[in-house]
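Here the structure comes first, spelled out in structure tokens, and everything after it is commentary.
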Amino acid sequence: MPSSKSRRSPQSPAKTPSVVLKSSEAKTRPRDLLVPTALPIHPFDQIHGVDTSGLVPARHLLTGHPNDEHITAYYGIAPSILRALIDRWRETIPPHPISSYTFVDVGAGKGRGVLVASEYRFRKVVGIELNPQLAAIARTNSAHWIATHAADPTSEPIAPIEIVEQDALDFELPATPTLIFFFHPFEAPVLEQFIARIHAQLSARPKSRSPVLDLLYANAECANILDRHPAFTQLFLDHVKMTPEDYAADLEAIAQQKEYGSTGDEECAIYRYTCRAKGPILKPAA
Ligand SMILES: C[S@@+](CC[C@H](N)C(=O)[O-])C[C@H]1O[C@@H](n2cnc3c(N)ncnc32)[C@H](O)[C@@H]1O
């Protein structure tokens with residue numbers, strides 16, 4: 001997601017609307033100021049022959065689902081940001097080998113994040129996408145990606161890919177260690193419910209099976225939700241830079257947005273589900 005130039009939370013309007021609006025529901029939010037763009041074609045698409053470019057505002061993604069209200073937009077992650085974030089995650093010494101993790105891109109859009117993640121030796125890469133048209137594009141992209149990798153004897157093996165057309169709040173965690181990826185797919189009300197759901201699923205597991213869940217969050221606009229959740233521990237929070245090629249593509253795409261800017265990086269965070277209450281450690285009564 002491009003960042004609002006003011007880098008404010010999507011909860012607050014980026015600027016005061018010039019028109020006085022009667023209904024509080026009709027307030028202008030940063031996402032409402034986005035304009036659709038099909039161009040430029042990102043270098044990732046030019047190299048791999050896939051279709052992940054463009055910016056699709058939330059109002060063009062309506063499915064009739066109640067959570068449409070909180071979609072941010074479709075915009076593919078800069079490949080260099082996701083690679084850097086996965087590399088940074090590996091430096092946190094995850095408790096299991098990468099080959100046992102299921103990577104789940106929650107809000108997978110056209111599947112750019114899924115394709116990039118499949119370059120790593122994950123057990124499986126899953127994309128969850130609410131919008132049927134975007135999910136169909138992600139499936140076509142994945143099929144092309146798998147076929148071209150299979151046909152190239154020099155290419156490294158890629159992880160199996162699955163695209164699921166589903167609301168994030170219906171998602172059931174796999175039984176394997178899981179690495180969730182968000183590229184700011186939805187606003188705080190859905191993120192809060194999503195986190196509560198996965199916490200409930202993990203808490204319900206037998207005590208003998210230690211829950212293994214890490215979370216990567218790019219354009220971490222609602223990181224405060226995870227920061228204040230007692231079961232998650234922040235392992236990393238910083239601006240991750242994109243490559244000059246990705247920055248050039250980002251600048252060209254974002255130049256068409258009045259309220260949004262590209263700074264050549266994304267604020268990213270990494271969390272581990274530690275299932276422990278934070279806060280003061282209480283001494284037992286003497
Ligand atoms: C910023 S795009 C990210 C695309 C992809 N993760 C990537 O990085 O290339 C966010 C996507 O989340 C999807 N989304 C928003 N709310 C959702 C929900 N409740 N359930 C599933 N997908 C959702 C949107 O339709 C959009 O395609």
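All of the numbers you see were taken from the coordinates with simple rules; none came from a lab. Not measured: the values here are computed from a predicted model. In this analysis, Cβ positions are derived from the backbone assuming ideal geometry, glycine residues included, and neighbour counts consider all displayed protein chains.
Observations, loosely collected:
- Fewest neighbouring Cβ atoms within 10 Å first, the residues Phe44, Phe181 line up as Phe44, Phe181.
- Its DSSP H runs of at least 4 residues, each contributing -39,500 (n - 2.57), put the calculated 222 nm mean residue ellipticity of the chain at -8000 deg cm²/dmol, to the nearest 500.
- Using a cutoff of 8 angstrom between alpha carbon atoms and counting only pairs six or more residues apart, the relative contact order for the chain works out to 21 percent.
- In angstrom, the C-alpha Rg and Dmax of the chain are 19.1, 70.
- Difference of contour (0.36 nm per residue) and Cα-Cα distance, Gln193 to Glu245: 15.1 nm
- Ordering Val104, Val212, Val56, Val114 by the number of other Cβ atoms within 10 Å of each residue's own Cβ, fewest first, gives Val212, Val56, Val104, Val114.
- For the chain, lysine pairs with C-alpha atoms less than 18 angstrom apart, excluding pairs fewer than eight positions apart on the same chain, total 7.
- Mean Cβ count within 10 Å, highest first, over the residues of peptides 64-76, 29-41: 64-76, 29-41
- Couplings 3J(HN,Hα) of region 166-179, computed from phi: 6, 6, 3, 6, 9, 6, 9, 4, x, 6, 7, x, 10, 10 Hz, in residue order, whole Hz [Karplus 6.51 cos²θ - 1.76 cosθ + 1.60, θ = phi - 60°; x for Gly and Pro].
- In the chain, a dipole from Cβ-located charges (positive for Lys and Arg, negative for Asp and Glu) runs towards its positive end, and of Leu169, Ile81, Ser118 it is Leu169 whose Cα lies farthest in that direction.
- Since only Thr72, Ala249, Thr37 are under comparison, the one whose Cα sits farthest along the positive direction of the charge dipole of the chain, derived from C-beta charges on Lys, Arg, Asp and Glu, is Thr72.
- Extension gain, Leu169 to His96, is 23.7 nm, computed as 0.36 nm per intervening residue step minus the present C-alpha separation.
- For the chain, size of Cβ-based charge dipole, Lys and Arg +1, Asp and Glu -1, in debye: 1060 debye
- Among the helices of the chain, those built from whole DSSP H runs whose Cα atoms reach 27 Å or more along their own axis and whose mean Kyte-Doolittle hydropathy is at least -1.0 are 132-151.
- The chain - share of DSSP beta bridges that are antiparallel (%, nearest 5): 50 percent
- In this simple spin-label approximation, Ile146 and Asp32 carry label points 7 Å from Cα along the Cα→Cβ vector, and these lie 4.1 nm apart.
- Positive-end extreme of charge dipole, the chain - chosen from Pro157, Tyr273, Ile128 (charges on Cβ): Tyr273
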